[in-house]
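Worksheet: the structure to be examined is printed underneath.
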Ligand code: HEC
């Protein structure tokens, strides 16, 4: 009986640990490959902006923004990447708020820290372009007072 309990506990610890390692390794691995580097994609044409989103945000938020990207395994910690396709939610957010959470991360706006900040990867110009991209192509919505 106690052996069984011990086994179960060990197994869940191992599982927990491998999830942590797996998501950690997958995360930094994919991002370091795909990090644009500040200003690299500043041209602002649609292809460049889409690439910034697809390579850096889609791993968690998904290409269509639904919060179901391959790294949404982060939600193991209980925090699901936000559904950026949710127009009802995003009409309550100003562009400044979307900019801030993207630049400084979730913790900066009182959300959980699972949303990383991007100030080392993107210039302000690029972040603004990504915010426009979310508005035009993902939620297809603007802020409503
Ligand atoms: C590691 C996974 C991950 C990546 C990569 C990621 N996000 Fe997030 N994002 C989250 C999580 C989780 C939240 C939920 C916020 C929280 O509670 O911490 C979030 C929240 C947000 C929000 C807040 C929406 C609201 O409710 O106001 C915005 C905007 C956002 N992300 C944009 C982006 C953009 C743009 C990128 C790419 C530059 C990006 N995210 C990359 C995980 C991620």
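The values are calculated or read from the model by the stated rules, or taken from the named source; none is laboratory data. Since we're looking at a predicted model, the values are computed, not measured. Here the Cβ is made from the backbone with ideal geometry for all residues, glycine too, and neighbour counts use every protein chain on show.
Out of all the residues in the range 115-125, which are in contact (Cβ under 8 Å) with a residue 12 or more places away in the chain and assigned to a loop (DSSP other than H, G, I, E, B)?
First, the residues of the range 115-125 that are in contact (Cβ under 8 Å) with a residue 12 or more places away in the chain: 115, 117-125.
The answer is 115, 117, 118, 119, 120, 121, 122, 123.
Among (1) more than 11 Å from the ligand (Cβ to nearest atom); (2) under 21 Å from residue 47 (Cα atoms), there is one condition residue 142 misses while meeting the rest; what is its number?
Residue 142 satisfies all of (1) more than 11 Å from the ligand (Cβ to nearest atom); (2) under 21 Å from residue 47 (Cα atoms) except (2).
Among the numbered criteria (1) at pLDDT 95 or above; (2) under 15 Å from the mean Cα position of the chain (by Cα); (3) more than 9 Å from the ligand (Cβ to nearest atom); (4) assigned to a helix (DSSP H, G or I), which single criterion is violated by residue 66?
(4)
Select, from 49, 101, 73, the only residue that is in contact (Cβ under 8 Å) with a residue 12 or more places away in the chain, near the ligand (Cβ under 9 Å from one of its atoms) and surrounded by 14 or more Cβ atoms within 10 Å (Cβ to Cβ).
Values: 49 fails: near the ligand (Cβ under 9 Å from one of its atoms); 73 fails: near the ligand (Cβ under 9 Å from one of its atoms).
Being in contact (Cβ under 8 Å) with a residue 12 or more places away in the chain, near the ligand (Cβ under 9 Å from one of its atoms) and surrounded by 14 or more Cβ atoms within 10 Å (Cβ to Cβ) holds for just one of 49, 101, 73, which is 101.
Looking at 89, 84, can you tell me which residue is within 7 Å of the ligand (Cβ to nearest atom), under 25 Å from residue 70 (Cβ atoms), assigned to a loop (DSSP other than H, G, I, E, B) and modelled with pLDDT of 95 or more? Please lay out each step first, then the result.
Values: 89 fails: assigned to a loop (DSSP other than H, G, I, E, B).
That would be 84, the only listed residue that is within 7 Å of the ligand (Cβ to nearest atom), under 25 Å from residue 70 (Cβ atoms), assigned to a loop (DSSP other than H, G, I, E, B) and modelled with pLDDT of 95 or more.
Within the range 116-123, identify whether any single residue is out of contact with any helix residue (DSSP H, G or I) (no Cβ under 9 Å at 6 or more places or on another chain) and more than 6 Å from the ligand (Cβ to nearest atom), and answer yes or no. Please lay out each step first, then the result.
Taking the range 116-123 first, the residues out of contact with any helix residue (DSSP H, G or I) (no Cβ under 9 Å at 6 or more places or on another chain) are 120, 123.
When the remaining residues are screened for being more than 6 Å from the ligand (Cβ to nearest atom), the result is 120, 123.
Yes: one or more hits.
Taking residue 112 as meeting all but one of (1) more than 6 Å from the ligand (Cβ to nearest atom); (2) loosely packed, with under 15 Cβ neighbours inside 10 Å; (3) part of a loop (DSSP other than H, G, I, E, B); (4) at pLDDT below 95, write down the number of the exception.
Status for residue 112: all satisfied but (1).
Exactly one of these conditions fails for residue 106: (1) in contact with a helix residue (DSSP H, G or I) (Cβ under 8 Å, 6 or more places away or on another chain); (2) near the ligand (Cβ under 7 Å from one of its atoms). Give me its number.
Of everything listed in (1) in contact with a helix residue (DSSP H, G or I) (Cβ under 8 Å, 6 or more places away or on another chain); (2) near the ligand (Cβ under 7 Å from one of its atoms), residue 106 misses just condition (1).
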